[in-house]
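In what follows, a single structure is set out as C-alpha cells and then discussed.
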Amino acid sequence: MSIADPAPPMIDAEEAARARRARINRIAKWTLPSLVLVLSVLSWHLYVTIAEVPHYVLPGPVHVAQSLAEDWSVLWPALLITGRLTLLALIMAVLGGVALAVAFTQSKWAEMSFFPYAVILQVTPVIAIAPLLQIYVDSAFLAALLCAWIVAFFPILSNTTIGLKSADRNLEDLFTIYGATRWQRLRHLAAPSALPFFLGGLKIAGGLALIGAVVAEFVIGRAGTGLGLASTLLEASYRFNFGRLYAALILISLMGVVIFAVMSIISHLALHKWHESALKRES
Amino acid sequence: MTKARQPLGQRPALLTMSHVEKTFNGNVVALRNMNLTVNEGDFVSLLGPSGCGKSTALRLISNLAHPTSGNIRWAGGQGADDLGIVFQEPTLMPWATVAQNVWLPFRLRGKSYNDVKDDILEALRLVGLEKFLTAYPRELSGGMKMRVSIARAMVTKPRLILMDEPFAALDEITRFKLNNDLLELKEKIGCTVIFVTHSVFESVFLSDRIIVMAARPGRVIHELEVATPYPRHEDFRTSAEYAGYTRQASEALHDAMGEAA
C-alpha cells in the first residue's frame, strides 16, 4: 500500500497484546517441556532416594546415567546394529513400497491381483510371523530385516498408491490433450501429486521400521542381529541389570525421536515451497 | 502479428461438426445432432443452461471423448499444436512455477525450456505476468492464476482455443477485466475461440457468434450473430446496441429453458 506521508507504525493495544502473546508462546514452547522433564527426573530421583527403592526394582536417574556412561562400550555397538537394521528396513520399504505402488497404478490387473495380499501381510501381527521367518530364512539377519520391512512397507505402499491416483482430473485431461506419454504422466503429474502422501507414509514407516527392528531382535534374538539395543535390553532384564535396561530403553526412544525429526525435515524441504501442509498460516 | 478479421461469412472453415451425437450409458443423450462450422477467427460462445451438452461438445472437440455417431473434422487435419484449452479452474500444477506451468505443452513434446523460453516470456507478457516467472501458483490471486492458465493455452500459438466457463468462479470486477483482456489477446494472436458460458452478458460482450443450446437432450436451438465490430471496449457494455443483443440472447435462452421444461 502506498500512502502519501509515511506514518509511524500504528500499534494499538490489541496488536501489542497479540505480539506479546506470540513472544510468550515462542518461549513457552521450549521451556515448558524442558521444565516437565527436569521436574519428573527430579521427582524420580527423590522418590528413589527417599523411599530407598533398591536399584534392581527401580534404578534412580543417577544410576541410569552411570550405566549409560559405564556400559557405553556395549551400548554404542548395539545402537549401531539396531540403527543399521532400522535404516535398511526403511530403505527397502521405500524402494519396495514405491515400486509396488507404481506397478499398481500402471496396471489395474496387478492391483486387483496383489493388493489384498499386501493387506493380509500388513494385518497379520509381525510378532506371529517372526518365528516362521526364523525357521525358513537361513540368515537370521535377513529374517530380522524382513520382519522390520514387512511392518514398515505398508504405509508407504498404501499412501503412495492413493497419492499417485490423486492427480487433478483436469490436469489429467490436459496431459491427454497434449499427448503426454505414460512416462511423462507419471513423472510430471502422478509423482509430484503423490509426494505429500508419500512423505506422510514415510513418517509413519520410519517409526514402524524401528518397532519392527525391536520386535525382530526380541523374537529372533542376538543370533540374528548381533547384540542390538533390544537384545541388550532383554538380556539386561534377565540379569536384573536395570540400569543398563533403562539406558538401552532411553537410547531406543532417542533413536525414534531422531528418525521422526529427520523425516519431518525431509518432508519440510520437499514441500515448503508449494504444499498447503507446509505453509505458515497468515496471522 | 495482428490479423485482420474478415467479416463473418467470408472466413474459411476451421472445424466442422456434422450430425454429432453423444449418448452416455446407452440411454442418456448428452448431445443430439449437433452441426456447427467454426471458421478461422470466430469467437463462438456456446450459451445454455446446465445439462445442455456444451461441456460435452468441448470434450468431443478436444478428443477427450468420442462421438457416438457423426464426426468432427479439422480443415487440413489437426496438428500437434493446434489446440489450447482453459478449464473452469486454473488447473495449474501447484508444485511448478508460473514459467514451468506455461512450459508444460512444449515440455510434453520434448522441447527444452531454453528452446522455448522466448515463447513462454511472450505469452506471459501478453497476459501481463512477465514479472511472476518464478512465483508459485499459491502466491497468485484467482485472476492471476487464470491468466497463467490462458498463457499456457496460447503459448503454442494454437489455431483453436477452447474455454470452459473460465471466469465463472471469479468476482465481477476481475471477470470484466479478464473479458477485456481476452478480446485484446485474441486480436493480437488472431486465433479462434470456442467459449462455453452460461452468462448472456459475457457471451454478447465477447463473441461474434452465439450458439444457444437447450438441455435434455442437449442440442443447438438458435444461432445469434453479434455484428458489433471489434475492438470492443468497456463502453460497449453500456451501449444500447449491447442491451439489444443481450435481450435477443436472453429471449433465445428463455426459449431454450422453455423447451427443456
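Taken together, the values in this text are just the output of simple stated rules run on the coordinates, not laboratory data. Computed from a prediction, not measured in an experiment: that's the story for all the values here. Neighbour counts are summed over all protein chains in view; Cβ atoms, including those assigned to glycine, are modelled from backbone coordinates with ideal geometry.
For chain A, the longest piece that avoids every one of the chymotrypsin sites (Phe, Trp or Tyr not before Pro) found in DSSP loops with at most 16 other C-beta atoms within 10 Å covers A:57-239. The Rg/Rh ratio for segment B:90-157 is 0.92, where Rg is the radius of gyration of the alpha carbons and Rh is the Kirkwood radius. In a reduced charge model with +1 at each Lys and Arg Cβ and -1 at each Asp and Glu Cβ, chain B shows a dipole moment near 640 debye about its Cα centre.
Can you return the lysines within cross-link range of A:K108? Criterion is Cα-Cα under 30 Å, with same-chain partners fewer than 8 residues away left out. A:K108 reaches A:K165, A:K203, B:K22.
Counting only residues at least eight positions apart within a chain, or on another chain, the lysines with an alpha carbon under 18 Å from that of B:K111 are B:K157. Sites count as exposed loop sites when they are GluC sites (Glu not before Pro), lie in a DSSP loop, and have at most 14 other Cβ atoms within 10 angstrom; the longest stretch of chain A without one is A:53-281. Positive end of the dipole of chain B (Cβ unit charges, origin at the Cα centre): among B:L47, B:S112, B:I85, the Cα lying farthest that way belongs to B:S112.
Note on the protein assembly as shown: Cα convex hull, mean projected area over all directions, 38.1 nm². Considering helices alone, the calculated mean residue ellipticity of chain A at 222 nm is -26500 deg cm²/dmol, with DSSP H runs of length four and up weighted by -39500 (n - 2.57) and normalised per residue. With both residues required to sit in segment B:118-261, DSSP beta bridges show an antiparallel share near 55%. Length, then width, then depth: along the principal axes, the Cα atoms of segment A:157-283 run 70, 42, 16 Å. The charge dipole of segment B:116-256, taken about its Cα centre with unit charges on the Cβ of Lys, Arg, Asp and Glu (plus for the first two, minus for the last two), comes to roughly 460 debye. Around A:P196, under 14 Å between beta carbons, what's the net of Lys plus Arg minus Asp minus Glu among the other residues? That sum, taken over residues with Cβ under 14 Å, equals +2. Working note: Cα gyration tensor of chain B, eigenvalues times five, square-rooted, sorted largest first, giving semi-axes of 29, 22, 18 Å.
For a distance above 24 Å, tell me the whole-number percent of Cα pairs in chain A that qualify. Every Cα pair in chain A considered, those over 24 Å come to 65 percent. When exposed loop sites are taken as trypsin sites (Lys or Arg not before Pro) in a DSSP loop with at most 16 other Cβ atoms within 10 Å, the longest stretch of chain A clear of them is A:1-164.
Here the protein assembly as shown carries DSSP beta bridges of which approximately 50% are antiparallel, counting only pairs with both residues inside. Legend: ranking of residues B:K117, B:K145 from fewest to most surrounding C-beta atoms inside 10 Å; resulting order B:K117, B:K145. Between 0 and 90 degrees, the angle of helix B:113-126 with respect to the longest Cα principal axis of chain B falls at about 60 degrees.
Within the shell of other residues whose beta carbon sits under 13 angstrom from the beta carbon of B:G142, the net charge comes to +1, with Lys and Arg scored +1 and Asp and Glu -1. Taking the Cα centre of each part, how many Å lie between segment B:161-195 and segment B:125-154? Their Cα centres are 14 Å away from one another.
Classify segment B:184-251 from the C-alpha gyration tensor, please: rounded if a/c falls under 1.5, else prolate or oblate depending on whether a/b exceeds b/c. Verdict is oblate for segment B:184-251. Whole Å is fine, so just give me how far the alpha carbon centre of segment A:33-92 lies from that of segment A:176-252. That distance is 21 Å. Projecting the alpha carbon convex hull of segment B:108-256 along each direction and taking the average yields 10.6 nm². The charge dipole of segment B:25-174, taken about its Cα centre with unit charges on the Cβ of Lys, Arg, Asp and Glu (plus for the first two, minus for the last two), comes to roughly 320 debye.
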